[in-house]
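Please read the structure below before turning to the comments.
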Amino acid sequence: MANGNHVIEQFEAFAPKKFALEGDPIGLQIGTLNKDVKRVLVTLDVLESVVDEAIEKKVDLIIAHHPPIFSKLANVTDRSATGRIVTKCIKHDIAVYAAHTNLDVTPGGVNDWMADALGLESCEVLAPTFENTQYKLSVFVPTEAVEHVSTALAQAGAGKEGDYSDCQFHVNGTGQFRPLTEATPYIGEVGRLERVSEVRIETIVTELNQKQVIRAMKQAHPYEEVAYDLIRQERPATSLGLGRIGRLPEAMTLREFAEHVRDAFGVQNLRFVGDESRHIQKVAVLGGDGNKYVSTAAFAGADVLVTGDLYFHVAHDAMALGLAVVDPGHHVESVMKEGVVNELKRRFEQKKIDVELLISTANTNPFQFL
């Protein structure tokens, strides 16, 4: 059985907190992670109906995209929806964890799932918010442990260069050290100067994966004290951020594209702005409320922006910029439910974590259409 902290550790390896925009209320919002977790419910929103579902299904932890607590609460009573949510979760020992903009920004997260649903190709970040700086990692390993440490580095994500993985450079040499009185040396004797055959393994890590790589390296390394260097590289960092911009395999009219968006996200209705006969091929997509990014999409050369919650006057601004907009609603971010479950299943299988993952079936879309 897994501890709640182990579950979230795996989640944050996928969507680190540091990717979140400043002021975004992410992380543990209700309850504790210091407990056994058998079932996890993944949801877009935490409404009272979702909490009732979690209670019925004997869920220990809810992972949500939209935080149920966006601002400080003056009180927690049954007179407000938030108060009832908090009270029920505490009463039934259900923890609630929110991953908002960090799940939007992370590679393979919300915006990539939306781009994939639309069949976009050659996608890039629309609005950079985080630089994934590269570092050169050098570690000194005794000859007999090189294969073990090398494999651990690669499996933890080190050495990824473009379309290549497991990239490393090995240099043979001689290591020197003298174990002091309190040491428990893997090689040599206390007080005696030792010289041993070692290999220096050099590889590349990033801001995103350096902690997990170093942890894996230390676990695999036989030495009591691991000698390694981590040097920031001057090469341009990879940008991460909100939204994606890519291309459709074939151009289509705006009307055809709007129908494609409707079908891809399974919505009843949507709104769109622009000449329905114009041809669309370069597409920007940004989950949630993308009103602030209309100019960004236009200046990036997009023919159309797919986003939610479009304001009336922002629609006018888009028209003036020559940018079409398709608004299928904020709720299409619900693609994250299946996406998160699939990602965590893969990670749990690798780590042999025995937790049941459930997709919330409660309808949290507040809108109905005539």
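Quick look at the numbers
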| read-out | value |
| --- | --- |
| Single condition Gly241 does not satisfy, out of (1) open to solvent by less than 40 Å² (accessible area, probe 1.4 Å); (2) modelled with pLDDT of 95 or more; (3) more than 27 Å from the chain's Cα centre (by Cα) | (3) |
| Flag if Ala264 is out of contact with any strand residue (DSSP E or B) (no Cβ under 6 Å at 6 or more places or on another chain) and open to solvent by less than 80 Å² (accessible area, probe 1.4 Å) | yes |
| Count - residues of region 47-70 that are touching a residue at least 12 places away in the same chain (Cβ under 8 Å), open to solvent by 40 Å² or more (accessible area, probe 1.4 Å) and either in contact with a strand residue (DSSP E or B) (Cβ under 8 Å, 6 or more places away or on another chain) or not aromatic (Phe, Trp, Tyr) (or both) | 7 |
| Asp78, sole failed condition from (1) charged (D, E, K, R); (2) in contact with a Lys or Arg (Cβ under 7 Å, 6 or more places away or on another chain); (3) at pLDDT 95 or above | (3) |
| All positions within region 226-238 that are under 29 Å from the mean Cα position of the chain (by Cα) and either of a type in the set (D, E, K, R) or more than 27 Å from Pro107 (Cβ to Cβ) (or both) | Asp229, Arg232, Glu234, Arg235 |
| Lone unmet requirement of (1) open to solvent by 70 Å² or more (accessible area, probe 1.4 Å); (2) modelled with pLDDT of 95 or more; (3) under 16 Å from the mean Cα position of the chain (by Cα) for Leu44 | (1) |
| Residue among Leu344, Leu323, Leu358 that alone is out of contact with any Ser or Thr (no Cβ under 8 Å at 6 or more places or on another chain) and closer than 20 Å to Thr101 by Cβ | Leu344 |
| Qualifying residue in region 150-163 (condition: within 23 Å of the chain's Cα centre (by Cα) and of a type in the set (Ser, Thr, Tyr)) | no |
| Pairs with Cβ under 6 Å, 6+ apart, first in region 337-366 and without any contact (Cβ under 8 Å) to a residue 60 or more places away in the chain, second part of a helix (DSSP H, G or I) | Asn365/His331 |
| Long-range neighbours under 6 Å by Cβ, at least six apart or interchain, first residue within 24 Å of His65 (Cα to Cα) and part of a strand (DSSP E or B) within region 269-298, second of a type in the set (Ser, Thr, Tyr) and open to solvent by less than 60 Å² (accessible area, probe 1.4 Å) | Leu286/Tyr293; Leu286/Thr307 |
| Within region 128-214, strands (runs of 3 or more DSSP E) holding 1 or more residues that are open to solvent by 40 Å² or more (accessible area, probe 1.4 Å) and basic (Lys, Arg) | 134-142, 194-206 |
| Region 216-238 - residue that is open to solvent by 80 Å² or more (accessible area, probe 1.4 Å) and in a loop (DSSP other than H, G, I, E, B) and, of those, nearest to Asn291 (Cα to Cα) | Pro236 |
| Residue match in region 99-107 (condition: open to solvent by 70 Å² or more (accessible area, probe 1.4 Å) and in contact (Cβ under 8 Å) with a residue 40 or more places away in the chain) | no |
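The values are calculated or read from the model by the stated rules, or taken from the named source; none is laboratory data. None of these values were measured; they are calculated from a predicted model. Note that each Cβ is placed from the backbone with ideal geometry, even for glycine, and that neighbours are counted across all protein chains shown. Note: accessible area is taken over every heavy atom of the protein model, side chains too, but ligands, DNA and RNA are not part of it. Shrake-Rupley method; radii C 1.70, N 1.55, O 1.52, S 1.80 Å.
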